[in-house]
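Novice: There's a structure below that I have some questions on.
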Amino acid sequence: MGLEIMIEDARWSELDLEALGTRAYDSTLAHLGIDSDSTEAALLACDDAHIARLNADFRDKPTPTNVLSWPAEDLAPATEGAMPRAPGPDITGEIALGDIAIAYETCAREAMEAGKPLSDHVTHLVIHGVLHLLGYDHIRDRDATLMEQTETTILGTMGIDDPYRTG
């Protein structure tokens, strides 16, 4: 199965989101020792207007954001800074991870403001979204540190610079 990508905004096709998203998804799962072929997740590539509606509906924040995620299962650890629980398969042997949405305008603006290629920023955000599906978060400080370290390690294996490095 793997990652199903639904492109609502044609600008995403210019970036070859199919290849970029699949590579980010597969790299994230490989890093965590999960066979992506045994998983199922969806990525909605939309615009700011659509993600603002989703953000309002699900988070009571009626503004655009770069990425949203809806995990199929709560895998978050009880202890701050601990590794999330590993996802398990259902009776068919498939591991349902959840859904991610990503907004073109916000991603493009953030990449431009940071002076980085849009493809690198979107790769980072897809990894970020997949990690959220897997129980990673950045609300508590030690959880944020673990998530950022995991992101930068995965990005490094893909030849992409640490997005948290300043200067």
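What follows draws every value from the coordinates through simple rules; no lab data is involved. No experiment lies behind these values; they were computed from the predicted model shown. Cβ atoms come from the backbone with ideal geometry, glycine included; neighbour counts cover every protein chain shown.
Novice: At D74 and D161, where each label point lies 7 Å from the Cα along Cα→Cβ, what is the point-to-point distance in nanometres?
Specialist: 3.9 nm
Novice: Quick one: check the C-alpha center-to-center distance for the stretch 97-139 versus the stretch 6-45, whole angstrom.
Specialist: 11 Å
Novice: In debye to the nearest 20, how big a dipole does the stretch 2-157 give about its Cα centre with +1 on each Lys and Arg Cβ and -1 on each Asp and Glu Cβ? Could you put the intermediate results ahead of the total?
Specialist: Working: 10 positive and 29 negative charges, 80 e Å.
With only Lys, Arg, Asp and Glu charged at Cβ, the dipole is about 380 debye.
Novice: Can you give the helix-only mean residue ellipticity at 222 nm for the chain, where every DSSP H stretch with n ≥ 4 adds -39500 (n - 2.57) and the sum goes over all residues, rounded to the nearest 500 deg cm²/dmol?
Specialist: Taken over the chain, the calculation gives -14000 deg cm²/dmol.
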